[in-house]
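Below is one structure, written out as structure tokens; comments come after it.
The values are calculated or read from the model by the stated rules, or taken from the named source; none is laboratory data. Given the structure is predicted, the values throughout are model-derived calculations rather than measurements. Note that each Cβ is placed from the backbone with ideal geometry, even for glycine, and that neighbours are counted across all protein chains shown. These accessible areas exclude ligands, DNA and RNA; they are computed on the full protein's heavy atoms, side chains included. Shrake-Rupley method; radii C 1.70, N 1.55, O 1.52, S 1.80 Å.
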Amino acid sequence: MRISDSLVEKLLVASEKVSSEKIAELKEHAKTEKRPLQDLSITDGVISEKALTKLYAAEIDIPFTEINPKEIKREVLKLVPERIAKQYGVALFGVEDDGTKLLAMEDPDDIQAVNFLQKQLGDQLKVFVATSTDIRSALDLYRGNISNELTQVVSAGDSDEAPEEEVSEEDLAEDSPIAQTVNLLIEYAIRSSASDIHIEPRDNHISVRYRVDGILKEANKLPKKAHSALVSRIKILSNLKLDERRVPQDGRFKIQIGSSVYALRVSTLPISEGEKIVMRILSESSEALSLETLGYWGKSLDNINEAISQPHGMILVTGPTGSGKSTSLFSVLSKLNKPSVNISTIEDPVEYKIPGANQTQVNSIAGMTFASGLRALLRQDPNIIMVGEIRDVETASLAVQAALTGHLVFATLHTNDAATCLPRLLDMGIEPFLIASTVRAVVGQRLVRRLCIECREEFTPDTNVLKKIDQIFKISNSSVMSSLHELEQQALDGGIGVSQDAKSKANVLSTTASKITRLWKPHDNGCEACNQTGYKGRVGIYEVLANSQNIQKMIVASSTSGEIANQAIKEGMTTMQLDGFIKALRGQTTIEELLRVTATKEG
């Protein structure tokens, strides 16, 4: 979508979020750099692509839509041939009950494209405006499994002539089979929505494993003779020492796959069979998702929105490694990010880039710890501070002092749930009255695998299943069941499990006031879309403990985490397990997956 400079200027004025001085400055830069005002406004962080597209949609009187590629059914998408979709920048993302097809376009003013697509799809066509990023993400779905390409490339470079130790310059050239292999391994991982790539030398082969939706699985086996060249190629990309094989090394590089840019954080480790490499995949192209999209709803959403609207205080996010804490904080900070606010962070590592924020990387070797970094940040006139992790008493004390002196502080802590976080601060030596007066809310979270929407199945639970559920959630109690039904209705109203396809059974409740009428399960053998697993992607389950006056009194009285949790539940807190159960009723996950992730928690 290309918007003229004059219209972009008009839209920026209409947004009432950009000063006339800033617009004049942008226009001057656009003229000097010979760049469109649209691109400059977005890259400078003056306005997000989503916000600008929304304003554009309102201006041309065509509805705006957000596309979630994970919710687009393959058979719907492919009603428009790939060549046509890419030529016109369009994505078909849904079909309504009456057969009306929902089409997202980058440029709905392209009359030629609209006329052509009406001939292809019929007159029952409803056109929406979507961001270029969303359209490109949808177009990426046309690409199938690329493991066959990997096999062909490896076979092409498969030669018995050279021993493993010898790596020539030709092996490391940009167009060499090894370079292509590395590119394909990364591309395949990204297409599979993997978070990590493990390249592990074994006795007779190289094992390539991907962590997808939190589960590690083997994806490929490569010839052992390629190991040295493979490691050397990745070291070159990461700017690591080629001749150092005895000690671990850390590096980073960027790669563009399709329409998106990814940063790969590389770690090497000497093991008995050679050097193992793990690459963490971080998308640099993704915009922050809204809290609603992440899975917040009802009381949890109200509590966190209330907490982040305060001018000062502390919001803590808890959970184990890989539970989505950074993603939640990224969404919150992006929501609070304005030109009039100074956001400063100290992180290890910096996983998400926030336009306009000042983000600092921990470097313990150089003396830049969380505590020393936080002390320096307090001299940088911040409004909002984010501490990647509270690991020690000094960092905790500084964070509390910052919250007391007029700053809004976000931090993460490793505890099992929200209530345990408060006694943990007491254990660190923070005075109870300081905790009570500074903490605004505590978020506890986990990630559960999301059911594949293309092949998931609904079923009526039998007596044994209901008995197991009753042991945890006490659904045999009529008041509990009635409350559960009300919560599911709130979740439905909040968009949890709502499908873009109006025909979907997911838009119907799974409970009545007296019983559970259905549950959901993965298809036995999955489908192509979910790589035969039955699951695709992950969704967060959350509990948000608001620090009410009653809980403040309990903190000062040094109450246990169990007592604090019970009081929070009385005040309306939805626990992580209950939130997960509601999402299982809404068809987003399964009871088995919920219990796998929350097995250490009491029901």
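Select from region 163-179 the residues that are at pLDDT 70 or above and under 22 Å from G274 (Cα atoms) and write down the one among them that is nearest to the chain's Cα centre (by Cα). Talk me through it step by step, then tell me what you get.
We begin by selecting, within region 163-179, every residue at pLDDT 70 or above; these are 176-179.
Next cut, under 22 Å from G274 (Cα atoms) only: 177-179.
Details: P177: 33, I178: 31, A179: 29 Å.
Among them, the one singled out is A179.
All but one of (1) closer than 30 Å to V18 by Cβ; (2) assigned to a loop (DSSP other than H, G, I, E, B); (3) open to solvent by 20 Å² or more (accessible area, probe 1.4 Å) hold for I354; state the number of the condition that does not hold.
Evaluating I354 over (1) closer than 30 Å to V18 by Cβ; (2) assigned to a loop (DSSP other than H, G, I, E, B); (3) open to solvent by 20 Å² or more (accessible area, probe 1.4 Å) leaves (3) as the failure.
Out of curiosity, is L26 open to solvent by less than 70 Å² (accessible area, probe 1.4 Å), free of Cβ contacts under 8 Å to residues at least 40 places away in the same chain and either under 31 Å from the mean Cα position of the chain (by Cα) or farther than 19 Å from S334 by Cα (or both)? Lay out the reasoning, then the answer.
Numbers: open to solvent by less than 70 Å² (accessible area, probe 1.4 Å): yes; free of Cβ contacts under 8 Å to residues at least 40 places away in the same chain: yes; either under 31 Å from the mean Cα position of the chain (by Cα) or farther than 19 Å from S334 by Cα (or both): yes.
Here the answer is yes, as L26 does meet what is asked.
Among the residues in region 451-473, are any open to solvent by 30 Å² or more (accessible area, probe 1.4 Å), more than 24 Å from A599 (Cα to Cα) and in a helix (DSSP H, G or I)?
No, every residue in region 451-473 fails to be open to solvent by 30 Å² or more (accessible area, probe 1.4 Å), more than 24 Å from A599 (Cα to Cα) and in a helix (DSSP H, G or I).
So which of L92, L141, L117 ends up being in contact (Cβ under 8 Å) with a residue 60 or more places away in the chain and not in a loop (DSSP other than H, G, I, E, B)?
Values: L92 fails: in contact (Cβ under 8 Å) with a residue 60 or more places away in the chain; L117 fails: in contact (Cβ under 8 Å) with a residue 60 or more places away in the chain.
Among L92, L141, L117, only L141 is in contact (Cβ under 8 Å) with a residue 60 or more places away in the chain and not in a loop (DSSP other than H, G, I, E, B).
Name the pairs: first residue in region 3-17 and more than 9 Å from Y56 (Cβ to Cβ), second residue among the polar types (S, T, N, Q) and open to solvent by 40 Å² or more (accessible area, probe 1.4 Å), Cβ to Cβ under 7 Å, at least 6 apart or on different chains?
Partner pairs satisfying both residue conditions: none exist.
I'd like to check something: does region 72-84 contain any residue that is charged (D, E, K, R), touching a strand residue (DSSP E or B) at 6+ places or on another chain (Cβ under 9 Å) and either modelled with pLDDT of 85 or more or closer than 24 Å to C530 by Cα (or both)? Please lay out each step first, then the result.
Residues of region 72-84 charged (D, E, K, R): 73-75, 78, 82-83.
Within this subset, residues satisfying the condition of being touching a strand residue (DSSP E or B) at 6+ places or on another chain (Cβ under 9 Å) are 73, 78.
Checking which are either modelled with pLDDT of 85 or more or closer than 24 Å to C530 by Cα (or both) leaves us with 73, 78.
Within region 72-84, one or more residues are charged (D, E, K, R), touching a strand residue (DSSP E or B) at 6+ places or on another chain (Cβ under 9 Å) and either modelled with pLDDT of 85 or more or closer than 24 Å to C530 by Cα (or both).
Of all residues in region 537-579, count the ones that are basic (K, R) and in contact with a strand residue (DSSP E or B) (Cβ under 6 Å, 6 or more places away or on another chain).
Start the filter on region 537-579 by keeping residues that are basic (K, R), which leaves 538, 553, 570.
Narrowing further to those that are in contact with a strand residue (DSSP E or B) (Cβ under 6 Å, 6 or more places away or on another chain): 538.
So the answer is 1.
Having 2 or more residues that are more than 23 Å from T395 (Cα to Cα) and either open to solvent by 50 Å² or more (accessible area, probe 1.4 Å) or in contact (Cβ under 8 Å) with a residue 40 or more places away in the chain (or both) is the bar; report the strands (runs of 3 or more DSSP E) wholly within region 253-339 that clear it. Outline the logic, then answer.
Working: elements: 260-271, 274-283, 313-318.
Those strands (runs of 3 or more DSSP E) span 260-271, 274-283.
Can you name every residue in region 1-16 that is exposed (fewer than 14 other Cβ atoms within 10 Å of the Cβ) and either farther than 30 Å from F128 by Cβ or in contact with a Pro (Cβ under 8 Å, 6 or more places away or on another chain) (or both)?
R2 - this is the single residue of region 1-16 that is exposed (fewer than 14 other Cβ atoms within 10 Å of the Cβ) and either farther than 30 Å from F128 by Cβ or in contact with a Pro (Cβ under 8 Å, 6 or more places away or on another chain) (or both).
So which residues in region 582-601 are open to solvent by 10 Å² or more (accessible area, probe 1.4 Å) and either among the acidic types (D, E) or part of a helix (DSSP H, G or I) (or both)?
Initially, region 582-601 is screened for residues open to solvent by 10 Å² or more (accessible area, probe 1.4 Å), giving 588, 591-592, 595-597, 599-601.
Answer for region 582-601, where residues must be open to solvent by 10 Å² or more (accessible area, probe 1.4 Å) and either among the acidic types (D, E) or part of a helix (DSSP H, G or I) (or both): I591, E592, L595, R596, V597.
Can you name the residue in region 215-252 that is assigned to a helix (DSSP H, G or I) and among the aliphatic types (A, V, I, L, M) and is also most open to solvent (accessible area, probe 1.4 Å) among such residues?
Of all residues in region 215-252, those assigned to a helix (DSSP H, G or I) come to 224-238.
Checking which are among the aliphatic types (A, V, I, L, M) leaves us with 226, 229-231, 234, 236-237.
Details: A226: 24, A229: 9, L230: 3, V231: 10, I234: 2, I236: 75, L237: 55 Å².
So the residue we want is I236.
Kindly provide the set of residues from region 89-139 that are over 16 Å from E66 (Cα atoms) and under 29 Å from the mean Cα position of the chain (by Cα), ordered by number. Break it down into steps so the answer makes sense when it comes.
Here is the first cut: in region 89-139, the ones over 16 Å from E66 (Cα atoms) are 96-100, 109-125.
If the condition is that a residue be over 16 Å from E66 (Cα atoms) and under 29 Å from the mean Cα position of the chain (by Cα), then E96 is the only one that fits.
Could you list, in sequence order, all residues of region 374-403 that are open to solvent by less than 20 Å² (accessible area, probe 1.4 Å) and not in a loop (DSSP other than H, G, I, E, B)?
The answer is L374, L377, I384, I385, M386, V387, T395, A396, A399, V400, A402, A403.
How many residues are open to solvent by 90 Å² or more (accessible area, probe 1.4 Å) and either within 24 Å of V498 (Cβ to Cβ) or of a type outside the set (D, E, K, R) (or both) if we restrict to region 78-125?
Adding up the residues that qualify gives 8.
Surrounded by 12 or more Cβ atoms within 10 Å (Cβ to Cβ), modelled with pLDDT under 85 and hydroxyl-bearing (S, T, Y): does that describe T151? Full working, then the answer.
On the way: surrounded by 12 or more Cβ atoms within 10 Å (Cβ to Cβ): yes; modelled with pLDDT under 85: yes; hydroxyl-bearing (S, T, Y): yes.
Answer is yes for this residue.
Is there a residue being more than 28 Å from L117 (Cβ to Cβ), outside any loop (DSSP other than H, G, I, E, B) and acidic (D, E) anywhere in region 70-82? Write out each step before concluding.
Restricting attention to region 70-82, the residues satisfying the condition of being more than 28 Å from L117 (Cβ to Cβ) are none.
No, region 70-82 has no match at all.
What's the total number of residues in region 357-373 that are part of a strand (DSSP E or B) and of a type in the set (F, W, Y)?
Here is the first cut: in region 357-373, the residues part of a strand (DSSP E or B) are 358-361, 363, 368.
Then keep just the ones that are of a type in the set (F, W, Y); that gives none.
Of the residues in that region, 0 qualify.
Please find, among D196, D203, the residue that is part of a loop (DSSP other than H, G, I, E, B) and at pLDDT 60 or above.
Working: D196 fails: part of a loop (DSSP other than H, G, I, E, B).
Just one listed residue meets the conditions, D203.
Could you please let me know if D158 is modelled with pLDDT under 60, surrounded by fewer than 14 Cβ atoms within 10 Å (Cβ to Cβ) and not in a helix (DSSP H, G or I)? Explain how you work it out, then say what you get.
Working: modelled with pLDDT under 60: yes; surrounded by fewer than 14 Cβ atoms within 10 Å (Cβ to Cβ): yes; not in a helix (DSSP H, G or I): yes.
Yes, satisfied.
Does T412 qualify as being open to solvent by 40 Å² or more (accessible area, probe 1.4 Å) and either of a type in the set (S, T, N, Q) or under 29 Å from the mean Cα position of the chain (by Cα) (or both)?
Numbers: open to solvent by 40 Å² or more (accessible area, probe 1.4 Å): no; either of a type in the set (S, T, N, Q) or under 29 Å from the mean Cα position of the chain (by Cα) (or both): yes.
When the stated conditions are applied, T412 does not pass them.
Has region 562-581 got at least one residue that is open to solvent by less than 20 Å² (accessible area, probe 1.4 Å), in a loop (DSSP other than H, G, I, E, B) and over 22 Å from I308 (Cβ atoms)?
no
So the check is Cβ under 8 Å with 6+ separation or different chains; which pairs have a first residue in region 566-585 that's on the phi > 0 side of the Ramachandran plot and a second one that's open to solvent by 10 Å² or more (accessible area, probe 1.4 Å)?
G572/K299
What are the residues in region 510-528 that are surrounded by 15 or more Cβ atoms within 10 Å (Cβ to Cβ) and not in a strand (DSSP E or B), if any?
Our first condition is that a residue be surrounded by 15 or more Cβ atoms within 10 Å (Cβ to Cβ); within region 510-528, this holds for 510-511, 516, 518-523, 526-527.
Passing the criteria: S510, R518, P522, H523, G526, C527.
Name the single residue that is modelled with the highest pLDDT among those in region 29-57 being open to solvent by 80 Å² or more (accessible area, probe 1.4 Å) and of a type outside the set (D, E). Break it down stepwise before answering.
The first filter runs over region 29-57 and keeps only residues open to solvent by 80 Å² or more (accessible area, probe 1.4 Å), leaving 31-35, 43, 54.
Pick out the ones that are also of a type outside the set (D, E) and you get 31-32, 34-35, 43, 54.
On the way: K31: 80, T32: 81, K34: 79, R35: 80, T43: 72, K54: 89.
Per the criteria, the residue is K54.
Can you name the condition, by its number, that G495 falls short on among (1) open to solvent by 30 Å² or more (accessible area, probe 1.4 Å); (2) over 25 Å from D97 (Cα atoms); (3) touching a helix residue (DSSP H, G or I) at 6+ places or on another chain (Cβ under 9 Å)?
(2)
Please specify each residue of region 415-449 satisfying the condition of being out of contact with any Gly (no Cβ under 9 Å at 6 or more places or on another chain) and open to solvent by less than 50 Å² (accessible area, probe 1.4 Å). Give the derivation first.
From region 415-449, those out of contact with any Gly (no Cβ under 9 Å at 6 or more places or on another chain) are 422-436, 442; that's our starting set.
Once the filter is applied, which keeps residues that are out of contact with any Gly (no Cβ under 9 Å at 6 or more places or on another chain) and open to solvent by less than 50 Å² (accessible area, probe 1.4 Å), region 415-449 yields L422, P423, L425, L426, M428, I430, P432, L434, I435, A436, V442.
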